[in-house]
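Asker: Got a structure for you, questions after.
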Number of protein chains: 2
Amino acid sequence: MHKSRLAGFIIDCRTDDVDEAARFWSAALGLELRPGAAQQPLYRGLDTAADQPVLEVQQVSHESRVHLDIETDDIEAEVRRLEKLGARRIGAVKSWFVLEAPSGQRFCVVRPQRSDFAAKANTWND
Amino acid sequence: MHKSRLAGFIIDCRTDDVDEAARFWSAALGLELRPGAAQQPLYRGLDTAADQPVLEVQQVSHESRVHLDIETDDIEAEVRRLEKLGARRIGAVKSWFVLEAPSGQRFCVVRPQRSDFAAKANTWND
């Protein structure tokens, strides 16, 4: 048995200046930037409420896009569940896993991101 | 003066079978499909809570991707605000407007989508 749910969205920006990209998205969406950027040099967090999906701007080298993350307490079990639904493994990156949906979008399976994960995530029988 | 905020995310799927794509994303995210699909043949709504971003699967002819929508009570004023931030007008589609961010992602400016829009959206001085 394991749990998962939608964690949030990452705005992937092909840029040399992640702060400039983050300033645009912060102003466009009317969401402040979270402090503490220095700890994760390629990421800037937007200040969404605790009960809302996480929203981050990421500096990437591939084409700009938006991708979604699924948070889970068991990455391997969740990847297997998603494979049975038709997703394809692309590869592991640090602590997370990149998959591709049958409809072609890449997305990530990540560790729990939000404090209400245990209470509100879906439970799956492995 | 007008208002806007993040409305939600559209999972654009290049497919001939939007129901199949919607079934995948419904199961992957653990979100039921909303009834009433027949009214909008190219869209399938995922049953997110009223206080959460809207999440829809859309059949498209362009490459599959995920895009975000900004909801507003004044489309033209919001498009002008976003242009000043560096976004570029792509074009009008039905009741909404497609823009491109400086970082390259396309996104839409749409009418208010959620019932708490007036109470919770950001207010901008035009």
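Asker: Hey, among the residues in the range B:41-56 that are closer than 18 Å to A:SER103 by Cβ and in a loop (DSSP other than H, G, I, E, B), which one's nearest to the chain's Cα centre (by Cα)?
Answerer: Once the filter is applied, the top-ranked residue is B:LEU42.
Asker: Among the residues of the range A:46-72, which ones are charged (D, E, K, R) and either farther than 13 Å from A:ALA7 by Cα or more than 10 Å from every other protein chain (Cβ to nearest Cβ) (or both)?
Answerer: The answer is A:ASP47, A:GLU56, A:GLU63, A:ARG65, A:ASP69, A:GLU71.
Asker: On to the next question. Might you check whether a residue that is of a type outside the set (D, E, K, R), in contact with a Leu (Cβ under 8 Å, 6 or more places away or on another chain) and modelled with pLDDT of 95 or more occurs anywhere in the range B:69-78?
Answerer: yes
Asker: Among (1) of a type in the set (Asp, Glu); (2) in contact with a helix residue (DSSP H, G or I) (Cβ under 8 Å, 6 or more places away or on another chain); (3) without any contact (Cβ under 8 Å) to a residue 24 or more places away in the chain; (4) farther than 26 Å from A:LEU6 by Cβ, there is one condition B:GLU83 misses while meeting the rest; what is its number?
Answerer: (2)
Asker: For the range A:58-80, how many residues are hydrophobic (A, V, I, L, M, F, W, C) and within 10 Å of the chain's Cα centre (by Cα)?
Answerer: 3
Asker: From the list A:ILE11, A:ILE90, which one is at the interface with chain B (Cβ under 10 Å from one of its Cβ atoms), assigned to a strand (DSSP E or B) and not charged (D, E, K, R)?
Answerer: A:ILE11
Asker: Hey, any hits in the range B:94-114 for a residue that's within 8 Å of chain A (Cβ to nearest Cβ) and modelled with pLDDT under 95?
Answerer: So far as the range B:94-114 goes, no, none of its residues is within 8 Å of chain A (Cβ to nearest Cβ) and modelled with pLDDT under 95.
Asker: Give all pairs with beta carbons closer than 8 Å in which a residue from the range B:115-126 that is within 12 Å of B:ALA77 (Cα to Cα) meets a residue that is exposed (fewer than 11 other Cβ atoms within 10 Å of the Cβ); count only pairs at least 6 apart in sequence or on separate chains.
Answerer: Every condition considered, the pairs that remain are B:THR123/B:MET1; B:TRP124/B:MET1; B:ASN125/B:MET1; B:ASP126/B:MET1.
Asker: Suppose we filter the range B:115-126 for residues that are among the polar types (S, T, N, Q), away from every other protein chain (no Cβ under 14 Å) and not in a loop (DSSP other than H, G, I, E, B); how many remain?
Answerer: 0
Asker: Taking B:ILE75 as the residue in question, decide whether it is away from every other protein chain (no Cβ under 12 Å), crowded, with 16+ Cβ neighbours inside 10 Å and of a type in the set (Val, Ile, Thr).
Answerer: yes
Asker: Which residue out of A:GLU76, A:GLU63 is outside any strand (DSSP E or B), free of Cβ contacts under 8 Å to residues at least 24 places away in the same chain and acidic (Asp, Glu)?
Answerer: A:GLU76
Asker: Within the range A:14-45, which residues are more than 9 Å from chain B (Cβ to nearest Cβ) and crowded, with 18+ Cβ neighbours inside 10 Å?
Answerer: A:VAL18, A:ALA22, A:SER26, A:ARG44, A:GLY45
The values are calculated or read from the model by the stated rules, or taken from the named source; none is laboratory data. Note that the coordinates shown come from a computational prediction; the quantities given were computed from them, not determined experimentally. Cβ atoms come from the backbone with ideal geometry, glycine included; neighbour counts cover every protein chain shown.
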